[in-house]
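The values are calculated or read from the model by the stated rules, or taken from the named source; none is laboratory data. Since the structure is predicted, the reported quantities are computational estimates derived from the model, not experimental observations. Note that each Cβ is placed from the backbone with ideal geometry, even for glycine, and that neighbours are counted across all protein chains shown.
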Amino acid sequence: MIAELGQLSLILAMMASMCLGFYPIVGAIRGEPRLLIMAKPMAFAMFAFTLLAYMALTHAFVTDDFTIKYVANHSNSLLPVYYKYTAVWGGHEGSFLLWMLMLSGWTCAVAIFSRGVPLIMVARVLGVLGAIALGFYLFLILASNPFESLLPYFPVDGRDLNPLLQDIGMIIHPPMLYMGYVGFSVAFAFAIAALMAGRLDSTWARWARPWALAAWGFLTLGITLGSWWAYYELGWGGWWFWDPVENASFMPWLAGTALIHSLAVTEKRKVFKAWTVLLAISAFSLSLLGTFLVRSGIIVSVHSFASDPERGLFILGLLVLVIGCSLALFAMRSSMLKSNSRYQLVSREMMLIGNNVFLTAATIVVLLGTLLPLVHKELGLGSISVGEPFFNQMFTWLIVPFVVLLAMGPMSRWKRQAIGDLKSQLLWAVLLGLVMTALLLTSFERFSMLAVLGTFLVFVIVLTTIQEILLRTNQQINWRNLRKLSRSHWGMVLGHLGFAVTLLGITLTSNFSEEREVRLNIGDSVELQNYQFTFKQVRHIEGPNYSADGGVVTVIRNGEFVTELLAEKRFYPVQRNVMTEAGIDSNLLRDLFVALGDEFTDGSWGLRVYVKPFVLWIWLGAAIMALGALLSIMDKRYRLVCVSKATQAKNIENRQIAGTGADFG
Amino acid sequence: MVKKYLLLFLPLVLFLLLTFFLVKGLFSEARYEVSTQVDRQLPEFSLPDVMDEDQLYTRQVFENQVTLINVWGTWCVTCAIELPFLTSLREQGVRIVGLYFEQDLDPDFGGKSLQQIRTDIRQTLNQLGNPYQFNIFDVNRDYSMDLGVTGAPETFLVDMHGRVLLHHVGDLNERVWQDKFLALYQQAMLEQKNG
Amino acid sequence: MNPRRKKRLLAVTGIVALIAISVSLMLYSLNQNIDLFYTPSEIINGKDGRLPVPGQRLRVGGMVVEGSVEHDQKELAVTFNLVDVGPVVKIIYKGLLPDLFREGQGIVATGKLLDANTIMADEVLAKHDEEYMPPELAEAMKGIRHEKPKQIYDAEGRN
């Protein structure tokens, strides 16, 4: 009964999206306010019905309704109840429903928080979002219906959730990631709406900026959680694998990072207009492409979902429609754009162009590395894989000029910056940075050129960021001066510092980690970086839906007890899967990591033992970046816009409605 | 001006090029044909009885008698559901032979021993009814592969010449029996009586 | 040429040169890091008429031959044979095998070719999926073998 209700809500949501994608757009073209007014209620309706459908599916999971195929495939009566809530997005159909919930949620948010934006613009934006949503609702209902019934013959129990997904990291990772992916649809919709209106001034950038920042923040968190999850759940001790699924989320992030920087320039300086629009389109297109790559199984990854060519074709069709149309619109409309501001070769504008160039290059590197195997194979040249070293090498090359720009950019002026004025600051940063690098790296036993480079870059970022604050507060750091800086300024500072923290984590972990795979008998021990790991015992553990061997390892350093780690090897009988659950002791300076391997015939066990310095910083830095995005969104400027524009809005609206006929003429 | 236009259309062109590869990639993925054995002779085999490894069966056991071959396992939930119906078929005189395969026979993972499997089978059949004349043990799962089995339960209808008349994927119940099997089964029985 | 045009020309040349350099760097790096995929038969008989050379980095995918997995008595090292439809190659791997490594299952190993039929692997992958068969291998074996019994569970309520 509830399942049928869910199905019905889904159809109603689709109808709402149909109205939303049609009437407001027509209204904008014809200049009919009556049609424009429909946009917001339709957006609310779309969200409400999607939420209802989502709740119905959740209900089916919690009540073990195995008459629904999706539930039978992804749950089990023995599954702990909190995992039943998360199992809702454990498979293809449900995760798409979640995707849609997010999309309609963002649409709804735009409808609520856009009072300062003229109605005709809001109508266009919501219309674009509605049209996108319509495509995906059709996909959901026709090709991957989560409410498909198994009646009249249904199983007594379900097949259980993939044990990989039975984990706290997996509970929050996909929703965050989807929030980010889908969030870029708003910036995209603003860009398209601006293209449709033919009014690509800086206003659309101001409207779109907080939305892009929000999406970027979520995506940052989503990727971070995914990386953290892979680190302790896959049992390989790695935190990034350049796996196609990871790359799929990394590409929109890179494009999104370029977008938030470029939006800032467009908003403040009215330059790079066409470029910013292209970035807004790219960020969302890459999100869609990511979804497609993961969902169609076209690229084989260690953790991609099951493939089905029909579904893949459907998504691909949507992809072509959305991206193709928007790129065509871009090509036709943006030729009218002309920047009239002038700036010199050394100026903040140029630094930001540089930032965009390098981020775009990074995106292309990832795109190439991800898709080249596919293209190579389809050209009949045989199967290949692009190894991790390619990505690592390319990113090492890209990061140096990128950081140089990052160091100078915030300090330099718009239009023109005399390079001499920055000399003293940069010199200080370089010298102090070298000293600090030397100090930090002497605490490690090994030497590595890459570590020196990475650490030095980190200190340069930190020091120049501090100098930038000094510059803005007239060299007087006190509470009052600091408060004067805008929230979005602090957002930028946090973003850059977070990047530095992540970079430090990556540098130190990559260069100073020690890992060993050993074969130990009970009682044996192995020593890494003064930590003595002793293999105490293996005990049997019975979980709610699994049984496990738990290897107990104690760690002693310089005669002092540090911790006891429990590394499990779990067996999930329903799915017949084996999972490694690593034992990790984590603090800011280092992680101790033990994973249990197989038992050998003589009773000894294979063990994987790692000491990873500063690995936590990778994720910590990302969290700081996301916090920076949050601060920027809360900037007064965006709220002021709402208030001051509210009165003007009506006038603009009327004028625009009168002028819309010409927009498309 | 033309140059500018070309530049602006570049993203679109690149994307369309990419699409071409994506479409191609989507369909070039390797997939197997599930071989259907319908209208063909059963492949040769020599496999033991699941309860007694000394008892070997070959294709001859399917000759001169119309038979249902039912692929099953105790680990398969749906198989358990169809057992009572199959038992009722046996009571009506239908000859049913089980093709048993076990997923748990995996020493690396502390799987079940043959002894345990036999106990399980006995228990299941006592509880839900035993429709089988005997059970052929598909030790390495290769005979089910030869038959094109993709899971369990699946059922084959074989005529008196050892020819497959019907391959049904999924559970066998009253409805499926009436719709799909009955007519063919009766025809095959008629031939058996006359031949 | 007036100074402005000269400046512009300089800028354009600079950009073009930069792009050219970065593209060639990227291609160079790619060339170094592409691992070609082979099946065991292709390693022995050659792929498109060319045999892989010892020392070459490559990826190989095949089914682990039943009964061929041998663990070293003292160390972690393990050797096993890999096969598709023809000859067998031997893989040496020093490390922990992935959770889903089993005899008879499809795996992909990345590593270096030691001699004509031995590979020193530095990575062995088995997918986190019970019925994983590397797609490249599936391609090579298309039409030769049936699919392994799949645990699918479709509309008809199968298990």
Every residue from region C:24-59 that is loosely packed, with under 12 Cβ neighbours inside 10 Å and within 13 Å of chain A (Cβ to nearest Cβ): C:SER24, C:LEU27, C:TYR28, C:ASN31, C:ASP48, C:GLY49, C:ARG50
Of (1) surrounded by fewer than 18 Cβ atoms within 10 Å (Cβ to Cβ); (2) outside the structural domain of A:LEU457 (by TED's automatic domain parsing), A:PHE358 satisfies all except one. Which? (1)
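Please tell me if A:ILE353 is at pLDDT 70 or above, part of a helix (DSSP H, G or I) and within 11 Å of chain B (Cβ to nearest Cβ).
Taking the combined requirement at face value, the residue does not satisfy it.
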Would you call C:LYS90 without any contact (Cβ under 8 Å) to a residue 24 or more places away in the chain and of a type in the set (Lys, Arg)? no
Of the residues in region B:46-75, how many are within 14 Å of chain C (Cβ to nearest Cβ) and modelled with pLDDT of 80 or more? 4
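Has region A:464-478 got any residue that is touching a helix residue (DSSP H, G or I) at 6+ places or on another chain (Cβ under 8 Å), of a type in the set (Lys, Arg) and not in a loop (DSSP other than H, G, I, E, B)?
There is at least one residue in region A:464-478 that is touching a helix residue (DSSP H, G or I) at 6+ places or on another chain (Cβ under 8 Å), of a type in the set (Lys, Arg) and not in a loop (DSSP other than H, G, I, E, B).
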What about A:LEU504, is it in contact (Cβ under 8 Å) with a residue 40 or more places away in the chain, away from chain C (no Cβ under 14 Å), surrounded by fewer than 21 Cβ atoms within 10 Å (Cβ to Cβ) and closer than 24 Å to A:ILE260 by Cα? no
The residue that is farthest from B:LEU99 (Cα to Cα), considering only those in region B:145-174 that are crowded, with 18+ Cβ neighbours inside 10 Å and among the acidic types (Asp, Glu), is B:ASP159
Among the residues of region A:371-403, write down those that are more than 11 Å from chain C (Cβ to nearest Cβ) and either surrounded by fewer than 20 Cβ atoms within 10 Å (Cβ to Cβ) or part of a strand (DSSP E or B) (or both). A:VAL375, A:GLU378, A:LEU379, A:ILE399, A:VAL400
Looking at C:GLY67 and the list (1) more than 12 Å from chain A (Cβ to nearest Cβ); (2) on the phi < 0 side of the Ramachandran plot; (3) out of contact with any Lys or Arg (no Cβ under 9 Å at 6 or more places or on another chain); (4) not in a helix (DSSP H, G or I), which single condition is not satisfied? (2)
For C:LEU58, state whether it is closer than 21 Å to A:THR363 by Cβ and either among the aliphatic types (A, V, I, L, M) or touching an Asp or Glu at 6+ places or on another chain (Cβ under 8 Å) (or both). no
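Would you check if there is a residue in region C:29-39 being in contact (Cβ under 8 Å) with a residue 40 or more places away in the chain and more than 25 Å from A:ASN392 (Cα to Cα)?
Initial filter on region C:29-39 (in contact (Cβ under 8 Å) with a residue 40 or more places away in the chain): C:35, C:37, C:39.
Restricting the remaining residues to those that are more than 25 Å from A:ASN392 (Cα to Cα) gives C:39.
Yes, region C:29-39 contains a residue that is in contact (Cβ under 8 Å) with a residue 40 or more places away in the chain and more than 25 Å from A:ASN392 (Cα to Cα).
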Among the numbered criteria (1) at pLDDT below 80; (2) within 14 Å of chain C (Cβ to nearest Cβ), which one does A:THR647 miss? (2)
Here is a list of conditions, (1) modelled with pLDDT of 85 or more; (2) hydrophobic (A, V, I, L, M, F, W, C); (3) more than 26 Å from the chain's Cα centre (by Cα), and A:ALA407 meets all of them except one; can you say which number that is? (3)
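Going by the conditions given, is A:SER412 exposed (fewer than 14 other Cβ atoms within 10 Å of the Cβ) and small (Gly, Ala, Ser)?
no
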Based on this model, can you work out whether A:SER488 counts as away from every other protein chain (no Cβ under 14 Å), under 30 Å from C:LEU76 (Cα atoms) and assigned to a helix (DSSP H, G or I)? no
Taking the condition of being surrounded by fewer than 18 Cβ atoms within 10 Å (Cβ to Cβ) and touching a Lys or Arg at 6+ places or on another chain (Cβ under 6 Å), how many residues in region A:529-548 meet it? 1
Out of all the residues in region C:71-119, which are away from every other protein chain (no Cβ under 11 Å) and outside any strand (DSSP E or B)? C:ASP84, C:VAL85, C:GLY86, C:PRO87, C:ALA116, C:ASN117
